[in-house]
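The values are calculated or read from the model by the stated rules, or taken from the named source; none is laboratory data. What you are looking at is a predicted structure, and each value in this text was computed from that prediction instead of being measured. So basically every Cβ, Gly included, is an ideal-geometry build from the backbone, and we count neighbours across all protein chains shown. Keep in mind that these areas ignore ligands, DNA and RNA; they rest on the heavy atoms of the full protein, side chains included. Shrake-Rupley method; radii C 1.70, N 1.55, O 1.52, S 1.80 Å.
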Number of protein chains: 2
Amino acid sequence: MYRTQTCGELRIKNVGQTVTLSGWVQKSRDLGGMTFIDLRDRYGITQLAFNEVDNAALTAQARKLGREFVIQITGEVIERASKNKNIPTGEIEIKVTEINLLNASKTPPFTIEDETDGGDELRMQYRYLDLRRNPVLQKLQLRNKVALETRKYLDTQGFMDVETPFLIKSTPEGARDFVVPSRMHEGQFYALPQSPQTFKQLLMVSGIDRYYQITKCFRDEDLRADRQPEFTQIDCEMSFVEQEDVLQMFEGMIKHLFKTVRGVDFEGDFPRMTYAQAMEKYGSDKPDIRFGMEFVDLKQVTSNKGFAIFDSAEAVIGINAEDCSEYTRKQLDALTDWVKRPQIGAKGLVYIKYNTDGTLKSSVDKFYSQEDLAEWAKLANAKPGDLLLVLSGDLDKVRKQMNELRLHMGNELGLRNPNVFKPLWVLDFPLLEWDEDAQRFFAMHHPFTSPKTEDFHLISTDPGKIRANAYDLAMNGVELGGGSIRIHDRELQAQMFDLLGFTPKDAQNQFGFLMNAFEYGAPPHGGLAFGLDRLVATMGGSDSIRDYIAFPKNNAGRDVMIDAPSPLNAVQLKELGIAVKS
Amino acid sequence: MYRTQTCGELRIKNVGQTVTLSGWVQKSRDLGGMTFIDLRDRYGITQLAFNEVDNAALTAQARKLGREFVIQITGEVIERASKNKNIPTGEIEIKVTEINLLNASKTPPFTIEDETDGGDELRMQYRYLDLRRNPVLQKLQLRNKVALETRKYLDTQGFMDVETPFLIKSTPEGARDFVVPSRMHEGQFYALPQSPQTFKQLLMVSGIDRYYQITKCFRDEDLRADRQPEFTQIDCEMSFVEQEDVLQMFEGMIKHLFKTVRGVDFEGDFPRMTYAQAMEKYGSDKPDIRFGMEFVDLKQVTSNKGFAIFDSAEAVIGINAEDCSEYTRKQLDALTDWVKRPQIGAKGLVYIKYNTDGTLKSSVDKFYSQEDLAEWAKLANAKPGDLLLVLSGDLDKVRKQMNELRLHMGNELGLRNPNVFKPLWVLDFPLLEWDEDAQRFFAMHHPFTSPKTEDFHLISTDPGKIRANAYDLAMNGVELGGGSIRIHDRELQAQMFDLLGFTPKDAQNQFGFLMNAFEYGAPPHGGLAFGLDRLVATMGGSDSIRDYIAFPKNNAGRDVMIDAPSPLNAVQLKELGIAVKS
């Protein structure tokens, strides 16, 4: 037996016991005749004590142990002379009688401490050492707990975990598929699922009216920061439900998770907002409502005063940054530079300082009177001491830019506390999105989303205006999940594919199995999927998902630890019947 | 709201309530003025009643509903005149006041009943309809329960669920990989994992001393019956453990699963047997010990009596089929034909009838006396009324053939009751297997398995004799899972790769990340993986895993429902930088 206890277990009540522990040497200290070693495992740290007077040979052996050596020791639990109140085992130490070196270690390429000196690339290359660090380990523990509590909740609600296949069929609609050449069927390919969408709908046709799965999904996209080619989804679907049933069920799940995993109680129902409202007030379909600073439409009151930029703009939108009227020239210039960066793309920034003395001072004083500015301030609910920031231009662009500026100001002003959680249901998403490049509509969610009955008459006149029975759950400016009520009627599904530019033959070829299934008694159904990586990161108070994944890929989609992807050998290529273009 | 209850919920206590149900029309019966419909969902069946006298229009509407139509009804729960004791809802029916047709259905291609008229291919093509059948649904429910109870048990034992990546690196050792071309790194490929083996070992290096995952694995093998290219593994690993710790932990898990899911208690510890013993007594490393019929070595007693076939055979092995001495000529000929089939490959079958009158009659009476035969019978513990069956030839071949014959006889004699469960640990597997074609050793388990210390001296003299710290759990003639204590020392791992014919460069290139990790304080570790598909099938009393998978592939690796794999379009191939050979 390698150990009788873990390194996080022993307390003052164990004094006098003989124990065996195994773990890693976190650090050692020589103090005159005494040597102390911190022995670490996943559960904690226990101090080992060696006294040169008692046992010179053993102490000499202990002194040779380097950082990250793996050892097994036996000894007696004794009370510490100087106690450490910061760790649970801090009242005791082990008077060691025997050391067994289990494995030596080279000096790690970075220090295995909460704060490390290792850069990102190095930590990823030696991810197995990075995972020894407490902050990283805790993130994986959080993930483990969230996943299990998700399962427990859904099981209690009668959901069945059903595994759907990974080797499926490529459907070029939507994002790019990762594909898998078939050796047995030369020239043919499987695809890895972007989501289990069609399979979970087939399960609804099967009558499995409550399905869930926590599963990997794959998208071959050009990676942006914090996107992963493989990611994990909590995928759910229900039959005989309306939108409200789905929202209630998964609001319950999120509440359960925050309660059991983080000890956070949400009071009352999650707030709701339509997509149209969210875009109008926040310029985002996943607004961070931990703080206000809502958009104010200033188009009307700023027009026809001789300021050509506002006059010609489709939209003039302001936000009120409270208590910021004392911003210096330098700070305001920095903000202007920030919105003019290519990532944001604004042409400029107008500001109005509502000074504490009640006067107003703006960057457009040439065109607007104190009364004009006072009217703006009133619309924005600004008070003396506040700062109005105004952007103008095409509506969609200004909304995007102002959303970024608002979040930036939220960060600057410390209004985005990672330990405050503000969920928000965003409802009534548009069914379609117009793509200028392709000159056609794409499904905003996916082609299986059902349109709102009351909007469906717009199909021949103004399809872009059709709203869908689609919903997202946003939290703290992040989309945790989203879903919709699906189409369950073959005819409607065929119309939808037609709208998306599919020929009937293409639609049948790619999604015939689903449309055929709809002819055999498909029930009304709908569902939702959460991004587990993002959910866990948000619960952990982090913006970045990468640390919540045990073995993530870098921004180029590479695993730098195992060095993948990599070339295949000629035999493998030949067996697969494919050639790499040179 | 689509329903107030499910179709399995209503009882006599609900009489008088107005309810709304949704479900599928299982069948309808017109009896004079009355029409009855069985409404089905996942939870059960509820009878709907329509009386022509009460409501002629509604009854007419009901009569038009075909099988598998999806309807929503509202009505009053009433007590049935003639109760059906066979179903939980059999005491009541619904006096329907309103029907809402949710979706019509074409006539299904096979009947949706427990016993269906649909053939395998048809059922797979319409798998979403097949899954509506109770026996199939129950198999998925069993799987769901086994998976969740596995998680609960492992969580209680401190195991962490950690997701390992799917897009990894191809390692041509072992079975063939499925590969995934990288678009962003042209000419390079990811591979899908055959198991998370190396990653779970890295997690041990990380200090996550108890890891588990229920995850898909992929092997591009030429499919035999009941093999799937993607399959699910309960994958586990532990640090600071010896073999005994691993066996105890997972024996506990299997006991927990059988107890909670099937209500089966195992008394005492699971029996254990070495690989050598299993091969000697059963000719199999996964013997079915629900019945005896153990191998008897007859080489010694059959030699030098003038029967050239036995004399020249390396092995002569018998089994005793109890109470079969009355087998007819026809039955014995059938058995002989059975062992001579190419799948078994025996040259012939010798039998000895131990007649109830105490005489012995064999197919080799020409060479052997009654005393000779009596001696064989004694060795085989045969009694009057039994039948000895004997095969001869090369040891390995005879063992394989006799194993097949023994299982065949077990089936014939009804000795393999699917509701009796007999687990068996098989220990001390050989480390290596000699491959005649490749003229080299392969790892019997995988290259990370540790040799037994006491055998390791054989490495330069007789490596084929080295036993490994490797173990399997067999049950009812099936391998449920297997594992080993791993190598955690870089030098030993390098020696192992050398033994397997890797150059140091190849070893470093393919497994360098793991060998490097071993240099930074790798703890002693070991683990085990269960095949979830097979575990669930065994618990369900079935030999075939396919029905326990929601969407299985056929023996050619095809999903006939969605028609995968299938050709890619030219744009996709071009983007991936690969060409299909023509």
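Just so you know, in segment A:169-208 the residues that are facing another protein chain (nearest Cβ under 7 Å) and among the small types (Gly, Ala, Ser) include one that is farthest from residue B:553 (Cα to Cα), and it is A:207.
Of all residues in segment B:558-582 being in contact (Cβ under 8 Å) with a residue 60 or more places away in the chain and over 17 Å from residue A:163 (Cβ atoms), which is nearest to the chain's Cα centre (by Cα)? Working first, answer last.
Within segment B:558-582, the subset in contact (Cβ under 8 Å) with a residue 60 or more places away in the chain is B:560-561, B:575-578.
Imposing the further condition that a residue be over 17 Å from residue A:163 (Cβ atoms) reduces the set to B:560, B:575-578.
Details: B:560: 22, B:575: 39, B:576: 36, B:577: 39, B:578: 37 Å.
Ranking the candidates gives B:560 first.
Please go through segment B:392-415 and give me each residue that is surrounded by fewer than 18 Cβ atoms within 10 Å (Cβ to Cβ), in contact (Cβ under 8 Å) with a residue 24 or more places away in the chain and assigned to a loop (DSSP other than H, G, I, E, B), ordered by number. Listed by number, the residues that qualify are B:394, B:413. Within segment A:461-488, the residues that satisfy the criterion of being out of contact with any Asp or Glu (no Cβ under 9 Å at 6 or more places or on another chain), crowded, with 19+ Cβ neighbours inside 10 Å and of a type outside the set (Ser, Thr, Tyr) are A:487, A:488.
Any residue that is modelled with pLDDT of 95 or more, within 7 Å of chain B (Cβ to nearest Cβ) and assigned to a loop (DSSP other than H, G, I, E, B) - is there at least one of those in segment A:209-221? There is at least one residue in segment A:209-221 that is modelled with pLDDT of 95 or more, within 7 Å of chain B (Cβ to nearest Cβ) and assigned to a loop (DSSP other than H, G, I, E, B). Each residue in segment B:205-229 was checked for being among the charged types (D, E, K, R), over 30 Å from residue A:126 (Cβ atoms) and open to solvent by 10 Å² or more (accessible area, probe 1.4 Å), and 5 pass.
Among the listed residues A:340, A:361, A:383, which satisfies the condition of being in the same structural domain as residue A:300 (by TED's automatic domain parsing), within 32 Å of the chain's Cα centre (by Cα) and open to solvent by 40 Å² or more (accessible area, probe 1.4 Å)? Give the derivation first.
Numbers: A:361 fails: within 32 Å of the chain's Cα centre (by Cα); A:383 fails: within 32 Å of the chain's Cα centre (by Cα).
Exactly one residue qualifies, and that residue is A:340.
Mind telling me which of the residues B:99, B:71, B:45 ends up being closer than 22 Å to residue A:240 by Cα and within 37 Å of the chain's Cα centre (by Cα)?
Numbers: B:99 fails: within 37 Å of the chain's Cα centre (by Cα); B:71 fails: within 37 Å of the chain's Cα centre (by Cα).
Exactly one residue qualifies, and that residue is B:45.
When B:274, B:302 are checked against the criterion of being open to solvent by less than 60 Å² (accessible area, probe 1.4 Å) and within 25 Å of residue B:538 (Cβ to Cβ), B:274 stands alone in meeting it.
A quick yes/no check of all residues on (1) under 29 Å from residue A:222 (Cβ atoms); (2) in contact (Cβ under 8 Å) with a residue 60 or more places away in the chain:
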{"residue": "B:170", "(1), (2)": "yes, no"}
{"residue": "B:179", "(1), (2)": "yes, no"}
{"residue": "B:195", "(1), (2)": "no, yes"}
{"residue": "B:206", "(1), (2)": "no, no"}
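Per the listing A:464, A:501, the residue uniquely at positive phi and either touching a Pro at 6+ places or on another chain (Cβ under 7 Å) or not in a strand (DSSP E or B) (or both) is A:501. For segment A:537-564, a residue qualifies if it is open to solvent by less than 30 Å² (accessible area, probe 1.4 Å), over 23 Å from residue B:518 (Cα atoms) and within 7 Å of another protein chain (Cβ to nearest Cβ), and exactly one does: A:557. Only a single item in (1) closer than 30 Å to residue B:144 by Cβ; (2) in contact with a helix residue (DSSP H, G or I) (Cβ under 9 Å, 6 or more places away or on another chain) is not met by residue B:541, and it is number (2). Scoring residue B:525 on the criteria (1) more than 7 Å from chain A (Cβ to nearest Cβ); (2) open to solvent by 10 Å² or more (accessible area, probe 1.4 Å); (3) of a type outside the set (A, V, I, L, M); (4) on the phi < 0 side of the Ramachandran plot leaves a single failure, condition (2).
Could you please let me know if residue A:361 is charged (D, E, K, R) and in contact with a strand residue (DSSP E or B) (Cβ under 6 Å, 6 or more places away or on another chain)?
Working: charged (D, E, K, R): yes; in contact with a strand residue (DSSP E or B) (Cβ under 6 Å, 6 or more places away or on another chain): yes.
For residue A:361, the condition - charged (D, E, K, R) and in contact with a strand residue (DSSP E or B) (Cβ under 6 Å, 6 or more places away or on another chain) - is met.
Scanning segment A:125-143 for residues that are outside any helix (DSSP H, G or I) and either facing another protein chain (nearest Cβ under 9 Å) or loosely packed, with under 14 Cβ neighbours inside 10 Å (or both) returns A:126, A:131, A:132.
Might you check whether a residue that is crowded, with 20+ Cβ neighbours inside 10 Å, touching a His at 6+ places or on another chain (Cβ under 8 Å), hydrophobic (A, V, I, L, M, F, W, C) and not in a loop (DSSP other than H, G, I, E, B) occurs anywhere in segment A:186-204? Yes, segment A:186-204 has at least one match. Please give the number of the condition residue A:447 fails out of (1) at pLDDT below 95; (2) out of contact with any Gly (no Cβ under 9 Å at 6 or more places or on another chain). Tallying (1) at pLDDT below 95; (2) out of contact with any Gly (no Cβ under 9 Å at 6 or more places or on another chain), residue A:447 fails exactly one: (2). Taking the condition hydrophobic (A, V, I, L, M, F, W, C) and surrounded by fewer than 20 Cβ atoms within 10 Å (Cβ to Cβ), does residue B:494 pass? When the stated conditions are applied, residue B:494 passes them.
Of all residue pairs spaced 6 or more apart or on separate chains, none has beta-carbon atoms under 6 Å together with a first member in segment A:251-278 that is on the phi > 0 side of the Ramachandran plot and a second member that is at pLDDT 95 or above and assigned to a helix (DSSP H, G or I). When B:78, B:87 are checked against the criterion of being open to solvent by less than 50 Å² (accessible area, probe 1.4 Å), among the aliphatic types (A, V, I, L, M) and in the same structural domain as residue B:27 (by TED's automatic domain parsing), B:78 stands alone in meeting it. With respect to the conditions (1) crowded, with 18+ Cβ neighbours inside 10 Å; (2) without any contact (Cβ under 8 Å) to a residue 24 or more places away in the chain, residue A:70 lacks only one, and its number is (2).
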